[in-house]
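The values are calculated or read from the model by the stated rules, or taken from the named source; none is laboratory data. Quantities reported herein were computed from a predicted structural model and do not represent experimental measurements. Here the Cβ positions follow ideal geometry from the backbone for every residue, glycine too, while neighbour counts run over all protein chains shown.
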């Protein structure tokens, strides 16, 4: 298994923010966690909302905890009903945000190196920026989309 470096995480953050500016998105917050869920890099654009860091972290942390991208995570929560989401929130101490915009980072062998969480615009647009950042670092994004 490869270890996510600070240089890779920095590239992911910077390229994700660059993509957000290119698309003229609302101010973004980007969080990169390693495979153990530890913060490696984070940037919050000017005028990004005060909860964006927690939301972005929750998107990344939830994908790591569940083992699949935010898109699949959101599908499972939607299909699991209130009991599932309540149990999930209790088990994670409220730390997960099951939504697109949480993307696993995989190495060339397919092993999980970490995750990116982005918050600031719609979840789909957040996810687009995360994918761009991960690919710009030469790594493979896993959104949880089976397509």
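Things worth noting here:
- Residues (farther than 20 Å from residue 65 by Cα and either outside any loop (DSSP other than H, G, I, E, B) or at pLDDT below 95 (or both)) located in region 123-147: 124, 125, 128, 129, 132, 133, 135, 136, 147
- Residue check for residue 57: surrounded by 17 or more Cβ atoms within 10 Å (Cβ to Cβ), in contact with a strand residue (DSSP E or B) (Cβ under 7 Å, 6 or more places away or on another chain) and within 12 Å of residue 103 (Cα to Cα): yes
- Subset of region 67-85 (residues that are more than 11 Å from the chain's Cα centre (by Cα) and either surrounded by fewer than 15 Cβ atoms within 10 Å (Cβ to Cβ) or closer than 19 Å to residue 42 by Cα (or both)): 67, 78, 79, 80, 81, 82, 83, 84
- If the condition is being free of Cβ contacts under 8 Å to residues at least 60 places away in the same chain, surrounded by 24 or more Cβ atoms within 10 Å (Cβ to Cβ) and not in a loop (DSSP other than H, G, I, E, B), then region 101-122 contributes 102, 103, 104.
- Criterion violated by residue 47 - all others in (1) in contact with a strand residue (DSSP E or B) (Cβ under 8 Å, 6 or more places away or on another chain); (2) surrounded by fewer than 21 Cβ atoms within 10 Å (Cβ to Cβ); (3) modelled with pLDDT of 95 or more; (4) at positive phi satisfied: (1)
- Evaluation of residue 98 against the conditions (1) farther than 20 Å from residue 8 by Cα; (2) surrounded by fewer than 22 Cβ atoms within 10 Å (Cβ to Cβ) shows that the sole unmet condition is (2).
- Some residue of region 21-41 being closer than 15 Å to residue 130 by Cβ, touching a helix residue (DSSP H, G or I) at 6+ places or on another chain (Cβ under 6 Å) and in a loop (DSSP other than H, G, I, E, B): yes
- Residue identified as more than 19 Å from residue 126 (Cβ to Cβ) and either surrounded by 15 or more Cβ atoms within 10 Å (Cβ to Cβ) or modelled with pLDDT of 95 or more (or both) among 28, 88: 88
- Selection status of residue 64, at pLDDT 95 or above, within 21 Å of residue 123 (Cβ to Cβ) and surrounded by 20 or more Cβ atoms within 10 Å (Cβ to Cβ): no
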